[in-house]
Amino acid sequence: MAQVKPVKAGWWNAFRPWTLHGAIVPVLIGGVVAYNDSAFDPLSWVLFAMILVAGCLLQSAANLLNTYGDFKKGTDTVENETRSPELVTGVLQPEHVKMMGVACLGVTCLFGLVFIWHCGWGILVYGVLGLIGAGMYTTGLALKYHSMGQATVFLMMGLLMPLGTYYVLAGGFSMEVLLFSLPNAFLITAVLCGNELRDYEEDKIAGVRTLCSHFRYDVAKKIYLGMNAVAFPLLALIIVTGVVPWTCALGFVTLYDLLLLWRNAGQAPSDPHANFMLVPMAFKLNWHLGVLVVAGYIVGNFVIPVI
């Protein structure tokens, strides 16, 4: 069996920049629909860039505070330091990681003041919920430890982030954004489901009550596979009903990623490396499909009409 190599402890791993697609894709979805529905001026582009940065800061805050919260609750130990070694090995100090996470939230709030100035107090609803989701995943309310992690990701990152982006840029609610967001919402939630599945036995030992921990391992694996697979019939549905242009079918190229993910999941129970790859492969599928459907939307709405 292939073994899992430990990651290098430090701020790079604590920030986990490879997870930022979780914030970038939702912002792109809300942004392209807003561009299609409203007149963009230079200020709109500045706001769009600010939303991207704010989304990445929220994701970074969630990563940092998750590392801090898991360490404080005893979930991260020297026995499983291959994934989050920063605090258990003493390379970073818990309070420093916590302060950096809070700083990311604080800078996001400053961006939020600009958004309120631009589009009104309505955006505050999206902002407050985003701060709760990022800041209290393993600290405060500790949503992860009350089996609310997947629901939080689905709502906050899957739906509210693209809807909030649209609200800032176009000034209202969009059913198109909501429906367009659904495939990505399931895929980003599947990433967290893969995390819970990967840590299934360790979480059981530590008494961590994730959603997956309420089911047998084989059932939890089916949930993981189902969340990844359901994105494709949802994408087909929003295409055939005319919610998005037919060129968004470009996303079906990632069925190959789904096939690889499916094969890997079959090996995960007995192969440590395949178990580790449950999360990266879900990341890959989420990132690839998200970028491709946004590219398809741009081609269908802005390129083909002028050819």
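In table form, for the structure just shown:
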item: Cα shape, region 136-279, gyration tensor, a/c 1.5 rule; result: oblate
item: Relative contact order for region 163-282, counting Cα pairs under 8 Å that sit 6 or more residues apart, in percent; result: 29 percent
item: Residue order, fewest to most beta carbons within 10 Å, for Ser60, Ser213, Ser38; result: Ser38, Ser213, Ser60
item: Using alpha-carbon coordinates, inclination of helix 94-119 to the longest axis of the chain, degrees; result: 10 degrees
item: Rounded, prolate or oblate (a/c below 1.5 giving rounded, otherwise prolate when a/b exceeds b/c) for region 90-162 by Cα gyration tensor; result: oblate
item: Distant-in-sequence amide H partners of Tyr137 (H built 1.01 Å from N, under 5 Å); result: Leu143
item: Added length on full extension, which subtracts the Cα-Cα distance from 0.36 nm per residue, Ile304 to Leu179; result: 42.8 nm
item: Phi-based couplings in Hz for region 150-155 (Karplus 6.51, -1.76, 1.60; Gly and Pro marked x); result: 5, 4, 5, 5, 4, 6
item: Lysine pairs in region 11-306 with Cα atoms under 21 Å, if 8 or more residues apart or on separate chains; result: 14
item: Cβ charges +1 (Lys, Arg) and -1 (Asp, Glu), total dipole of the chain, debye; result: 280 debye
item: ³J(HN,Hα) computed for each position of region 209-225 - Karplus, 6.51 cos²θ - 1.76 cosθ + 1.60, integer Hz, glycine/proline x; result: 9, 7, 4, 4, 5, 7, 10, 4, 4, 5, 6, 4, 5, 5, 5, 4, 5
item: Relative contact order (%) - criterion: Cα under 8 Å, at least six apart; region: the chain; result: 21 percent
item: Karplus 3J(HN,Hα) series, Hz, for region 244-256 with 6.51 cos²θ - 1.76 cosθ + 1.60 (x for Gly, Pro); result: 10, x, 4, 5, 5, 4, 3, x, 5, 4, 7, 4, 5
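Where a number appears in this text, it was derived from the coordinates with a stated rule and is not lab data. The shown structure was predicted, so the numbers you read here are calculated from the model rather than taken from an experiment. Here Cβ is always computed from backbone atoms with ideal geometry, including for glycine, and neighbour counts include all displayed protein chains.
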